[in-house]
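Notes to accompany the following structure.
The values are calculated or read from the model by the stated rules, or taken from the named source; none is laboratory data. Keep in mind it's a predicted model, so treat the numbers as computed, not measured. We place every Cβ from the backbone using ideal geometry, glycine too, and count neighbours over all the protein chains shown. Note: areas computed on protein heavy atoms with side chains; ligands, DNA, RNA excluded. Shrake-Rupley method; radii C 1.70, N 1.55, O 1.52, S 1.80 Å.
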Amino acid sequence: MRTKSTLRKALKFLKNCKSIFSFKKAIFQKNIFPILFCLALNISFAQSGCNATLIVENNGNIRSTPLDGTYYAMVLTNNGLSTDTYLLTSKNINSSCTNTDDSTATSNVIITADFIDSEKTAIDQITLSAGQTINFYVHITVPVGTAVEKWSCNQITATSKNCTNYSADTVLHTYVINPVND
C-alpha cells in the first residue's frame, strides 16, 4: 500500500511539474513575439534615426580652379535623433559623371581633395549632436602635370558611424583653367 501511495504522490508531482512547465512555456510562447517585435522596432528605430545632409554652401558645386587649387565651403547637418560621427571621403567619379558643359567625361582629369576645418586643420571625420550643423572645407589641389581646360568630378561623402550603410553625399564639378588665359 505504501508503494501505491508513493506512486500516486509521484504522479501528482509530475502532473504539477508538467502544468508548471507548460504554463511557463505558454507564457514564453505568448510573449516571445512581442519581445521580438519590440527588439526589432528598437533596432529599426535606431537605424531610422540616422539622417544627414551634405551640401556645398550657396549650391556652389561647380567652380573653376587655377593650378594652385581652390576651396569648396561645405555644410554638414546631423538631422538624426542622436549624436553621430561622420567619416569624410572623396572619390573621383569621372567615369560616371556628366560634365556641366555637356563635354565628354572621358578626358576628365584627376585632382586631389583634402578636408579642413574652419581653422585650416586637416580633418577626416566630424562629430555632430542631433540637429547640429557645421561648416568645413574641401581643398582642391591640381597635381603637377595635370592637363588644363579639363573637368574633374569628385563625390564627397559623409558616412555615419552609427548606422550601417548610411551616408550623405554631393558631387563637386571642378574645371581646371589654363593659367595662360587667366
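List of remarks:
- The single condition from (1) modelled with pLDDT under 95; (2) surrounded by 10 or more Cβ atoms within 10 Å (Cβ to Cβ) that residue 59 fails is (2).
- Taken over region 130-175, residues that are under 21 Å from the mean Cα position of the chain (by Cα), aromatic (Phe, Trp, Tyr) and open to solvent by 50 Å² or more (accessible area, probe 1.4 Å) amount to 2.
- Tally of residues being farther than 14 Å from residue 158 by Cα, assigned to a loop (DSSP other than H, G, I, E, B) and open to solvent by 80 Å² or more (accessible area, probe 1.4 Å) across region 108-129: 4
- Screening 86, 72 for residues that are hydroxyl-bearing (Ser, Thr, Tyr), at pLDDT 95 or above and touching a Gly at 6+ places or on another chain (Cβ under 8 Å) leaves exactly one candidate, 72.
- Selection status of residue 134, assigned to a strand (DSSP E or B), more than 23 Å from residue 82 (Cβ to Cβ), out of contact with any His (no Cβ under 9 Å at 6 or more places or on another chain) and in contact (Cβ under 8 Å) with a residue 40 or more places away in the chain: no
- Inclusion of residue 87 among residues that are hydrophobic (A, V, I, L, M, F, W, C), under 19 Å from residue 172 (Cβ atoms) and surrounded by 16 or more Cβ atoms within 10 Å (Cβ to Cβ) is not warranted.
- Among the candidates 38, 50, residue that is touching a Gly at 6+ places or on another chain (Cβ under 6 Å) and either surrounded by 15 or more Cβ atoms within 10 Å (Cβ to Cβ) or modelled with pLDDT under 95 (or both): 50
- Scanning region 53-79 for residues that are more than 16 Å from residue 139 (Cα to Cα) and not in a strand (DSSP E or B) yields a count of 3.
- Top-ranked residue in region 90-100 [being open to solvent by 70 Å² or more (accessible area, probe 1.4 Å) and without any contact (Cβ under 8 Å) to a residue 60 or more places away in the chain; ranked as nearest to residue 158 (Cα to Cα)]: 96
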